[in-house]
Amino acid sequence: MSLNLIPGETVIHLSFQGSECLYRDHHGRRVIADFEGQGFARILQSQCDMQQIRGDGSLEEFKGSFDDLLLLVTPEVGNVDLLVSLGRLETDFSSETLLSESVLGGGWILSAKAPVNVDHGYGVILPGNYELPIPFYESAVSASGFKYIPSRLCGLVTDSLGIHDGEALKNHDFVVQNMSTVFPLDSSFEDGTRNQGHVASHLNAAELDVKLDPDNYGVVLQKVFDQFHGRQRARVFVDGEFIGWWYEPRENRRARWSISRFGVPQTHTKGKSSLRLRIEPPAGVPLWSVGRLDVLCLVIKK
């Protein structure tokens, strides 16, 4: 069976020691995971009894998958280690497994003997056998062999915009209200990779035109941003139509650079060579941070 990448699917590793957490809720409980959308999770280690909060606020035992919300809490202190897969409910990765040191295209990494650099700098995957297959869209390269499952689709970057590039902002008809001053940030990603760039944050909606490949099977919006403030949240509109909430709960004030992805289904992108994008954080949430925005179209690998 041939598998296809789903727009925006990603796997996130969360690890907390002692009393660490994403944040504490109004009951003082540690919030271990807080994600919106569909997906599934694997608890690798837990010294705590964790429960899932349903949409109506009631507690239940965590079953491993979620349709629209994952909110895991614990009142206890202890180490927790888990993986969260967003965008895919299918857990059967029984397709043909291949071995390579370099892949140009998309797929899922199952295990690696050495660090794997994915998607031309998107991140570094450390060696290991992965409880959840880790998706990549453009490429995967390692000094040693890694096992992976190929996808019929891959990510093609059709547009990119740096928040510091005034000429590019003009060419994309970028408009925004109440944006901070663009400032340089010298920090690192969570894997330790050092990065120097520029970032800014905005309170109200930002709009821009972006280019697509008309033969796409969905689009991945990818932002490089400053995660100094967690729980960044925004509505996403495509050509004036509401698509969903882009939510990034993680916060790191030491390794401030991060990358977040949001998937736009092909029902809103197929056959289009461009679209008008609006990213609109609501009142009362942390400012929406962005350093660079990349647009990846899922296309059939040639």
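The values are calculated or read from the model by the stated rules, or taken from the named source; none is laboratory data. In this text the structure is predicted, and so the values were computed from the model without any measurement. Cβ coordinates were reconstructed from backbone atoms using ideal geometry, including for glycine residues, and neighbour counts include every protein chain displayed.
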Query raised in the report: Out of the range 171-218, which residues are touching a His at 6+ places or on another chain (Cβ under 8 Å) and of a type outside the set (Gly, Ala, Ser)?
Result: VAL176, GLN177, ASN178, MET179, VAL182, PHE183, PRO184, LEU185, HIS198, LEU208, ASP209, VAL210
Query raised in the report: Can you name the residue in the range 229-279 that is over 24 Å from HIS120 (Cα atoms), part of a strand (DSSP E or B) and charged (D, E, K, R) and is also nearest to the chain's Cα centre (by Cα) among such residues?
Result: ARG233
Query raised in the report: Restricting to the range 233-270, what's the tally of residues that are in contact with a Gly (Cβ under 9 Å, 6 or more places away or on another chain), more than 18 Å from VAL295 (Cβ to Cβ) and buried (at least 16 other Cβ atoms within 10 Å of the Cβ)?
Result: 7
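Every residue, every condition in (1) at positive phi; (2) in contact with a helix residue (DSSP H, G or I) (Cβ under 9 Å, 6 or more places away or on another chain); (3) among the acidic types (Asp, Glu); (4) buried (at least 17 other Cβ atoms within 10 Å of the Cβ), yes or no:
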site	(1), (2), (3), (4)
LEU161	no, yes, no, yes
GLU167	no, no, yes, no
ASN171	no, no, no, no
SER187	no, no, no, yes
ASP191	no, no, yes, no
GLN196	no, no, no, no
ALA200	no, no, no, yes
ALA206	no, no, no, yes
Requested in this report: Would you mention how many residues in the range 53-89 are modelled with pLDDT under 95 and among the polar types (S, T, N, Q)?
Outcome: 3
Query raised in the report: From the set of residues in the range 260-294 that are out of contact with any Lys or Arg (no Cβ under 7 Å at 6 or more places or on another chain) and of a type in the set (A, V, I, L, M), which is modelled with the lowest pLDDT?
Result: ALA283
Query raised in the report: Just for strands (runs of 3 or more DSSP E) wholly inside the range 132-220: which have at least 3 residues that are at pLDDT below 95 and more than 18 Å from the chain's Cα centre (by Cα)?
Result: 139-150
Query raised in the report: Which residue pairs have Cβ atoms under 8 Å apart, sit 6 or more places apart or on different chains, and have a first residue in the range 76-94 that is touching a residue at least 24 places away in the same chain (Cβ under 8 Å) and of a type in the set (Asp, Glu) and a second that is surrounded by fewer than 22 Cβ atoms within 10 Å (Cβ to Cβ) and in a loop (DSSP other than H, G, I, E, B)?
Result: GLU76/GLN47; GLU76/CYS48; GLU76/ASP49
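Residues checked against (1) of a type in the set (S, T, N, Q); (2) more than 20 Å from HIS172 (Cα to Cα):
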position: VAL238; (1), (2): no, no
position: GLY244; (1), (2): no, yes
position: ARG254; (1), (2): no, yes
position: VAL264; (1), (2): no, no
position: LYS272; (1), (2): no, no
position: LEU277; (1), (2): no, no
position: ALA283; (1), (2): no, yes
position: SER289; (1), (2): yes, no
Requested in this report: Return the residue satisfying two criteria in turn: it lies in the range 118-159 and is in contact with a Pro (Cβ under 7 Å, 6 or more places away or on another chain) and farther than 23 Å from GLN196 by Cα, and of such residues it is surrounded by the fewest Cβ atoms within 10 Å (Cβ to Cβ).
Outcome: PRO127
Query raised in the report: If you go through the range 73-95 one residue at a time, how many are touching an Asp or Glu at 6+ places or on another chain (Cβ under 8 Å) and farther than 22 Å from GLY107 by Cα?
Result: 3
Requested in this report: Collect the residues in the range 260-302 that are among the polar types (S, T, N, Q) and closer than 22 Å to GLN38 by Cα, keeping them in residue-number order.
Outcome: SER260, GLN266, THR267, THR269
Report task. Taking only the range 141-191 into account, find how many residues are without any contact (Cβ under 8 Å) to a residue 12 or more places away in the chain and basic (Lys, Arg). Result -> 1
Requested in this report: Could you list all residues from the range 56-89 that are under 19 Å from PHE16 (Cβ atoms) and of a type in the set (S, T, N, Q)?
Outcome: THR74, ASN79, SER85
Query raised in the report: Based on what the data block shows, is PRO7 in contact with a helix residue (DSSP H, G or I) (Cβ under 8 Å, 6 or more places away or on another chain), at negative phi and touching a residue at least 40 places away in the same chain (Cβ under 8 Å)?
Result: yes
